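One structure is given below, encoded as structure tokens.
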Amino acid sequence: MRNFLLLLLGVFLLLSCANEKPQEPDPVRRKSPIAITSVTHQPSQTYAKIVYGQPYKNGRNIFGDLVPYGEVWRTGANEATEMTITNPLIFNGRKVDAGTYSLLTIPERNEWTIILNDSLGQWGAFDYKPKYDRLRTTVTSKRAEQLAESFTIQFSKITGDSSSIVMRWDTTKVEIPISFIDDTVNIP
């Protein structure tokens, strides 16, 4: 009787393991590689870094389709893009204090709203809350000269105290002018 019960228990365990569903992939697993771009302005000793997920076009229609117009976008893939700056700078004409911000966007056909938000660690833009916006500004989007297969953010070459954050994907290009400043300058 004891052997029969052990055999029955063994068969039960085998059957229950065989019917077990495969585990879903970890929801936080990144599907796109992480990319980092940075720049250092020597006179002001300002360091700026942007960390973002770098999705690929892969034959898809990007803006207006995969990334809908008029909706808040994480500005890349995976977690919301984050920008860190070590000293205040001028971001499209407006002063931004040193710190780390989520860099979100609202793409439109001819212009993008650029958002710096205080809420960090967001997965995508699903939990985006406008009440944490530190800055909102609008820039023009342009047709890029060349198709960009991967979403790319880069700093343009520093000229004097100026640079730009340049975003490219598919046939779209967006530039956000930035200027490096002395922390003691009083700018609104």
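Read the figures in this text as sums done on the coordinates, not as results from a lab. Source: prediction; values computed, not measured. Counting neighbours? That spans all protein chains shown, and the Cβs are built from the backbone with ideal geometry, glycine included.
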Counted neighbours (other Cβ, 10 Å), sorted fewest up, put 111, 145, 175 in the order 145, 111, 175
Loop-only chymotrypsin sites (Phe, Trp or Tyr not before Pro) in segment 55-135, please: DSSP not H, G, I, E or B, and at most 15 other Cβ atoms within 10 Å. 69, 126
Going 7 Å from the Cα of residue 110 along its beta-carbon direction, which residues of segment 59-92 have the amide nitrogen within less than 20 Å of the resulting point? 63-65, 68-71
Please enumerate, by chain and number, the lysines with C-alpha under 23 Å from the C-alpha of residue 131, excluding those fewer than 8 residues away in the same chain. 95
Cα-Cα pairs of segment 34-188 separated by more than 23 Å (percent): 32
Contact order normalised by length for segment 35-188, with contacts defined as Cα pairs under 8 Å and 6 or more residues apart; what percent is it? 22
Cβ charges +1 (Lys, Arg) and -1 (Asp, Glu), total dipole of segment 30-180, debye: 80
